[in-house]
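One structure is given here, and the rest of the page talks about it.
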Amino acid sequence: GVAIPTRLIALCILTLALAVRMPAQRPAASPPRLVVAIAIDQFRPDYLDRWRTQFTGGLAFLLHEGVFFPHGEQDHAITETAPGHSTMMSGRSPASTGIVTNDLGVTDSTAPVIGSSATGASPRRFIGTTLLDWMLARDPNTKSLSVSRKDRGAILQMGRVKAPVFWYSQGRFSTSRYYADTLPAWVTEWNRRDPIDRLKGTAWTLSHDPTFYPEPDDRAFEGGGIDRVFPHLIPADSARAASQIIDFSVMDSLTLDFAIDGIAALKLGQRDGADFASISLSTTDEVGHKWGPGSREMHDHVLNVDRWLGQFLDSLGRLVPLQRVVFTLTSDHGVTEFPEAGSGGRLDLAPRVRALNAWARAHGDSGLRASAEAGLVFGDFAAAATRYHLNVDSLASVAATEIAAIRGVRRVYTPAILAAAQASDLDAMRWRREIPPGFSWLVAVSVEPHWVLAGGHSSTSHGTTNPDDVLVPMLFRVPGTPSARVERTVRTVDIAPTLAAILGIRPTQPVEGVVLPEVVGHAPKR
């Protein structure tokens, strides 16, 4: 098994037997007291089918009780954590939320993290509203909480609201000064227990006998050839353990343990009205990058997530009757298997970016600041056009021609090409939903299937317009709504308007998503 915090060991696992006691068809329930939005970072929908018969905890409960859409999509071009999270509770694509890339996500040096030297973070780049804004517009007494290992996973679910928002930083959970100047007592108390101190020097070991897993334990390309096989040792040094714990399955148990403490301390779901909790579990992303979606590590980690979610739901049920709780589960993006495992490849645009910046410096200008992330080459090209009397369309055309000749490239768009694209061009439409009006960019690249937009060979990645990265699970558990599996394609921008319909509220701004009738057909009415 995996070393887990002492407090979690004491919790009872929510078993499949508990789930099956609930009838599949239920009468309409009372209005919900709590909405819990669960995001599992880099969680492919095929995981839920591949290992479904092995689930006995929270994933088993949600699948048995919920409406499951196995063909959900993060239907935009840069399938990364920040853009993906920005879609879930806003009902809008990154071109509308303003969250274009991870690097242009929540980083904010003016909002330092309390008690940490880590880079500050805030939602200052986020544009518009989210479900929490809509809930507050109806009921200003709405309580909320957002928790994640990652700052962007915690922040972007809540939009710009200054709510209780916490993430893991240098061995403890904290927040930035955008939200508060001091940590609440319950957070200080959780940090005082110092679970990293108890975990250092332990190991991530398999939950079952090795023969249980069909996946090989040793693939030469995993982790750049380092730390490929079980057990995986957590460093005995405190500082290294605090830093490296994010690579270990147990990190998600810490996030869930912190979240249940917060829900209890803030008394979410304890009043006559609906409250909101967001929980983003980030470890699947670390495991996927380092070992890949076809690894034994991923299989074991997903089983751990199932078990820990079961413990979380069991604890939550002691605070709020689960028949008064609405759950949704999705992911911010998928992942592509290591190219070294199959027929794919790697594309690195960094050399092109270096050439652009070198050209600018040769002209005495360091202000171009060209960069590339997930196939998008961007920078201060509009200002450069003025400085150099440059025709940016011509520069983009030349760059597109050069990049199109590179092996693995499927399509290259310039601003002019993208503006003229037909609706039938799926990649073009995803890029349109990614890039906000007025954003200064040069080219946008889509790659062949099974290719990753990353240099080096130490990890695999995501971020492309391909199905492996775009497809995510979407699942809703609404008391009173029959469980179902729905095979049609849906989008993560549909989540927030669907939750709003369940709560009997309306978005306070136009959204791109639609209400999913399979979910709200028997939802409680207010």
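The values are calculated or read from the model by the stated rules, or taken from the named source; none is laboratory data. Keep in mind it's a predicted model, so treat the numbers as computed, not measured. Here the Cβ is made from the backbone with ideal geometry for all residues, glycine too, and neighbour counts use every protein chain on show. Just the protein is used for accessible areas: all its heavy atoms, side chains included, with ligands, DNA and RNA removed. Shrake-Rupley method; radii C 1.70, N 1.55, O 1.52, S 1.80 Å.
Can we say Ala360 is without any contact (Cβ under 8 Å) to a residue 40 or more places away in the chain and either hydrophobic (A, V, I, L, M, F, W, C) or more than 30 Å from Asp46 (Cβ to Cβ) (or both)?
Numbers: without any contact (Cβ under 8 Å) to a residue 40 or more places away in the chain: yes; either hydrophobic (A, V, I, L, M, F, W, C) or more than 30 Å from Asp46 (Cβ to Cβ) (or both): yes.
For Ala360, the condition - without any contact (Cβ under 8 Å) to a residue 40 or more places away in the chain and either hydrophobic (A, V, I, L, M, F, W, C) or more than 30 Å from Asp46 (Cβ to Cβ) (or both) - is met.
Within region 511-520, is there a residue that is at pLDDT below 95 and under 29 Å from Trp134 (Cβ atoms)? Yes, region 511-520 has at least one match. When region 136-183 is filtered for residues that are without any contact (Cβ under 8 Å) to a residue 60 or more places away in the chain, among the acidic types (Asp, Glu) and within 22 Å of Gly269 (Cβ to Cβ), nothing remains.
In the set (1) in contact with a strand residue (DSSP E or B) (Cβ under 7 Å, 6 or more places away or on another chain); (2) under 16 Å from Pro293 (Cα atoms); (3) of a type in the set (A, V, I, L, M), the condition left unmet by Ala341 is number (1). Here Arg177 does not fit the description of being closer than 26 Å to Ala236 by Cβ and open to solvent by 10 Å² or more (accessible area, probe 1.4 Å).
Counting only helices (runs of 4 or more DSSP H) that sit completely within region 240-333, those holding 2 or more residues that are within 27 Å of Asp133 (Cβ to Cβ) and open to solvent by less than 10 Å² (accessible area, probe 1.4 Å) correspond to 251-266, 296-319. Note on region 255-286: residues that are closer than 24 Å to Glu80 by Cα and among the aliphatic types (A, V, I, L, M) total 5.
Among the residues making up region 469-522, those that are over 20 Å from Thr87 (Cβ atoms), open to solvent by 10 Å² or more (accessible area, probe 1.4 Å) and assigned to a loop (DSSP other than H, G, I, E, B) are Pro482, Ser483, Glu487, Gly504, Gly521, His522.
Applying the set (1) surrounded by 17 or more Cβ atoms within 10 Å (Cβ to Cβ); (2) aromatic (Phe, Trp, Tyr); (3) not in a loop (DSSP other than H, G, I, E, B) to Trp186 leaves exactly one unmet item: (1). Checked against (1) open to solvent by less than 70 Å² (accessible area, probe 1.4 Å); (2) over 31 Å from the mean Cα position of the chain (by Cα), Asp393 passes all but condition (1). Checked against (1) of a type in the set (A, V, I, L, M); (2) open to solvent by less than 10 Å² (accessible area, probe 1.4 Å); (3) more than 28 Å from Asp181 (Cβ to Cβ); (4) more than 16 Å from the chain's Cα centre (by Cα), Met88 meets all criteria but (4). Scoring Leu475 on the criteria (1) in contact with a strand residue (DSSP E or B) (Cβ under 6 Å, 6 or more places away or on another chain); (2) closer than 16 Å to Gly345 by Cβ leaves a single failure, condition (2).
Kindly indicate whether Gly455 is over 15 Å from His64 (Cβ atoms), touching a residue at least 40 places away in the same chain (Cβ under 8 Å) and crowded, with 24+ Cβ neighbours inside 10 Å.
Taking the combined requirement at face value, the residue does not satisfy it.
Filtered by the rule that a residue be surrounded by fewer than 19 Cβ atoms within 10 Å (Cβ to Cβ) and in a loop (DSSP other than H, G, I, E, B), region 128-159 gives Asp139, Pro140, Asn141.
Only one of Thr53, Thr15 is at pLDDT below 95 and out of contact with any Asp or Glu (no Cβ under 7 Å at 6 or more places or on another chain); which?
Values: Thr53 fails: at pLDDT below 95.
Residue meeting the stated conditions: Thr15.
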